[in-house]
Amino acid sequence: MPIIAPSLLAANFLHLQAESQMLNQSVADWFHLDVMDGQFVPNISFGLPVIQQLRSTTQKVFDVHLMIEEPEKYTEAFQKAGADILTVHVEACRHLHRNLQHIKQCNMKAGVALNPHTPIDSIKDVLHEIDVVCLMSVNPGFGGQSFIPYTLQKIRELRKWIDALNLPTLIEIDGGVTLNNAAAIVEAGAHVLVAGNTVFASQNPIYTIAQLKQIQ
Ligand code: DX5
Ligand code: ZN
């Protein structure tokens with residue numbers, strides 16, 4: 001069963017408490033929280049105060065995806081705001097190994113996200129330091145885009161490396177995940193499915209989350 005991480009980027013921001021309650025009633029495992037700075041990606045979403053206020057509405061894991069430049073400047077701040085997993089982009093980190101150590105010293109799980117064009121080789125030498133590899137299956141910045149099929153090959157290859165080294169590292173897929181492609185993504189070796197529009201634009205989000213969770 002995959003870990004299901006609904007992305008609140010697609011939630012109704014006027015009713016975040018109700019959206020959080022809905023997720024609490026569902027079998028969703030993580031809250032996926034997309035932070036954008038208008039520099040690393042061509043969009044601005046939400047940041048620390050929103051995450052901090054959401055923290056009081058749920059016990060579920062906060063999976064914070066930083067689409068920002070110089071993410072190392074904000075490690076402590078996101079820990080204080082309530083992040084459990086802090087994911088930085090490999091393309092935004094000149095000193096990735098140091099950043100990962102810092103995130104773990106701050107008692108969070110360390111995640112690394114890769115844009116669609118970034119080869120998985122870029123993290124091979126630090127794979128044992130990474131708790132979650134987030135493979136972007138769209139170009140980051142916006143919800144509601146289409147899944148890039150080549151991602152399936154990246155998942156298969158990365159899963160081979162993880163299994164060969166017997167690592168606990170999780171593979172998370174972010175962008176364009178639907179009820180139609182989720183089975184192929186899990187079959188390729190993904191552990192975590194992020195879903196924004198598939199969940200929040202659904203007639204019955206709780207049922208949609210349950211359907212994603214049942215995928216083998
Ligand atoms: C994209 C974000 C995603 C996004 C996914 O930049 O990182 O988490 O919310 O949205 P969907 O599932 O609608 O593609
Ligand atoms: Zn994301």
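The values are calculated or read from the model by the stated rules, or taken from the named source; none is laboratory data. This one's a predicted model, so the numbers in the text were calculated from it and none came from an experiment. No Cβ is skipped: glycine too gets one built from the backbone with ideal geometry, and neighbour counts run over all protein chains shown. For the accessible areas, the whole protein counts, side chains as well, though only heavy atoms, and no ligand, DNA or RNA atoms are used. Shrake-Rupley method; radii C 1.70, N 1.55, O 1.52, S 1.80 Å.
For this structure, a couple of remarks:
- DSSP-defined beta bridges in the chain - what % are antiparallel, rounded to 5: 5
- Over the chain, dividing the summed -39,500 (n - 2.57) contributions of all DSSP H runs of at least 4 residues by the number of residues returns a 222 nm mean residue ellipticity of -9000 deg cm²/dmol.
- Set LYS104/LYS213; LYS60/LYS160; LYS124/LYS160; LYS80/LYS109; LYS109/LYS160 screened for pairs whose C-alpha atoms are more than 18 Å apart: LYS104/LYS213; LYS60/LYS160; LYS109/LYS160
- Cα-only Debye scattering, the range 44-86: base-10 log of I(q)/I(0) at q = 0.15 Å⁻¹: -0.33
- Dipole of the chain, positive direction: furthest Cα of PRO119, ALA188, VAL64, with charges on the beta-carbon: ALA188
- Kirkwood hydrodynamic radius (C-alpha pairs) into Stokes-Einstein, the range 3-213, 37 °C and 0.692 mPa s, D in µm²/s: 194
- The listed residues ARG55, ARG94, once ranked by accessible area (1.4 Å probe) with the largest placed first, stand as ARG94, ARG55.
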